[in-house]
1. Are any residues in the stretch B:1-16 open to solvent by 90 Å² or more (accessible area, probe 1.4 Å) and among the aliphatic types (A, V, I, L, M), and if so, which ones?
2. If you go through the stretch B:75-97, how many residues are crowded, with 20+ Cβ neighbours inside 10 Å and under 16 Å from B:Val50 (Cβ atoms)?
3. Only one of A:Thr104, A:Thr80 is of a type outside the set (Asp, Glu), more than 14 Å from chain B (Cβ to nearest Cβ) and surrounded by 14 or more Cβ atoms within 10 Å (Cβ to Cβ). Can you tell me which?
4. Quick one: would you say A:Pro69 is under 15 Å from the mean Cα position of the chain (by Cα), open to solvent by 60 Å² or more (accessible area, probe 1.4 Å) and more than 12 Å from chain B (Cβ to nearest Cβ)?
5. Exactly one condition in (1) in a loop (DSSP other than H, G, I, E, B); (2) open to solvent by less than 60 Å² (accessible area, probe 1.4 Å); (3) at pLDDT 95 or above is not met by B:Thr27; state its number.
6. Just to be sure before I move on: is B:Lys57 part of a loop (DSSP other than H, G, I, E, B) and either open to solvent by 40 Å² or more (accessible area, probe 1.4 Å) or facing chain A (nearest Cβ under 9 Å) (or both) in the structure I sent?
7. Looking at the stretch A:93-104, can you tell me whether even one residue there is in contact with a Cys (Cβ under 7 Å, 6 or more places away or on another chain) and within 17 Å of B:Gly41 (Cα to Cα)?
8. I need the full set of residues from the stretch A:1-33 which are open to solvent by 40 Å² or more (accessible area, probe 1.4 Å) and not in a strand (DSSP E or B), in order please.
Amino acid sequence: ETGVTQTPRHLVMGMTNKKSLKCEQHLGHNAMYWYKQSAKKPLELMFVYSLEERVENNSVPSRFSPECPNSSHLFLHLHTLQPEDSALYLCASSQDPTGFYGYTFGSGTRLTVV
Amino acid sequence: GQQVMQIPQYQHVQEGEDFTTYCNSSTTLSNIQWYKQRPGGHPVFLIQLVKSGEVKKQKRLTFQFGEAKKNSSLHITATQTTDVGTYFCAGPGYGNKLVFGAGTILRVKS
């Protein structure tokens, strides 16, 4: 366990489905992140939350909707996804939004859109 | 925007050989971090370098930060099969968010 727990580990969904990814951190960190990792592509930052406030949205399509109800929990709501959205979705947390002391990543959710 | 470039993209070595990956930034960095992602796993923080010219060691891994704080390297001595994975460097970018390099994939042949 890394201190950052992601569920589910694997998810297969149709293009018309609605699903949510969950992330929980037990480290007392103040910032949380969603990253997308596709094959042969660099890590793509999607969203940043600092103290439950969204501070960055990297031009992510509206079919991805984040939610941060408190500093320990982060969700990524998914609806009407496309096959190209299939990827590993990683949640990370850090002590502060600069990430100066490093990021702790969760194990990720492997998403397949069919 | 600020970019972090890593080379090589991919390296396949014989077990026991050395391995080095290089990271170059378009701007001066306040710090640089290295992560390792095993196949099927997630990135794990390895180390942070802060000072110009800093060198840190973790067993067979040697991390170096350039004098100008724009480049860094990770050197593995006598690779083992447990070293396989993707090694990422990351540095602060716009808004102080970490910018990750594309990673170097290391494969070790036993």
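1. First pass over the stretch B:1-16, keeping only residues open to solvent by 90 Å² or more (accessible area, probe 1.4 Å): B:1, B:3, B:5, B:7, B:9-10, B:12.
Answer for the stretch B:1-16, where residues must be open to solvent by 90 Å² or more (accessible area, probe 1.4 Å) and among the aliphatic types (A, V, I, L, M): B:Met5, B:Ile7.
2. 4
3. Among A:Thr104, A:Thr80, only A:Thr80 is of a type outside the set (Asp, Glu), more than 14 Å from chain B (Cβ to nearest Cβ) and surrounded by 14 or more Cβ atoms within 10 Å (Cβ to Cβ).
4. Yes.
5. Failed condition: (3).
6. For B:Lys57, the condition - part of a loop (DSSP other than H, G, I, E, B) and either open to solvent by 40 Å² or more (accessible area, probe 1.4 Å) or facing chain A (nearest Cβ under 9 Å) (or both) - is not met.
7. So far as the stretch A:93-104 goes, no, none of its residues is in contact with a Cys (Cβ under 7 Å, 6 or more places away or on another chain) and within 17 Å of B:Gly41 (Cα to Cα).
8. Those that are open to solvent by 40 Å² or more (accessible area, probe 1.4 Å) and not in a strand (DSSP E or B): A:Glu1, A:Thr2, A:Pro8, A:Arg9, A:Met15, A:Thr16, A:Asn17, A:His26, A:Leu27, A:Gly28, A:Asn30.
The values are calculated or read from the model by the stated rules, or taken from the named source; none is laboratory data. No experiment lies behind these values; they were computed from the predicted model shown. Glycine gets a Cβ as well: all are built from the backbone with ideal geometry, and neighbour counts include every protein chain shown. The area values use the complete protein model at the heavy-atom level, side chains included, leaving out ligands, DNA and RNA. Shrake-Rupley method; radii C 1.70, N 1.55, O 1.52, S 1.80 Å.
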